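Throughout, read-outs are computed from the coordinates displayed, never taken from laboratory work. Note that the coordinates shown come from a computational prediction; the quantities given were computed from them, not determined experimentally. No Cβ is skipped: glycine too gets one built from the backbone with ideal geometry, and neighbour counts run over all protein chains shown.
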């Protein structure tokens, strides 16, 4: 039994050593595609000298941590930029909305002045003083100018 397990262990070591030092071949198939394999199906095949070494675990962890830190910094910067853009868009939207509201009100005021036969203004004691024809024309012109400026 000991001899069998020893033979099995030696065979496993021999196979694993063979895998670690496998050759890599480069060849071109009939369609002109370049292929890489450990067992070329056609000859001639170019044997490549592929060298490998064990991974330095500490260096890999350091490199991975540096990459994660860089990604976190980039993500934070991207989120900050996105937040600023959203705030700017919101401010622009509210400004545009305010401008549109002022335009609508100016247009309504102008239409009201144009359609009204008589306009009045309130006096300090609560009464009404009706505008003369000249004052009415001036008020209409001022309303038109205001509407034109606000509705550009």
When the range 109-152 is checked residue by residue, the ones that are exposed (fewer than 12 other Cβ atoms within 10 Å of the Cβ), in contact with a helix residue (DSSP H, G or I) (Cβ under 8 Å, 6 or more places away or on another chain) and over 29 Å from residue 97 (Cα atoms) are 118
Would you be able to tell me the number of residues in the range 109-138 that are in a strand (DSSP E or B) and out of contact with any strand residue (DSSP E or B) (no Cβ under 7 Å at 6 or more places or on another chain)? 0
Given the criterion farther than 25 Å from residue 150 by Cβ and either surrounded by 10 or more Cβ atoms within 10 Å (Cβ to Cβ) or touching a strand residue (DSSP E or B) at 6+ places or on another chain (Cβ under 6 Å) (or both), identify the matching residue among 86, 106, 96. 86
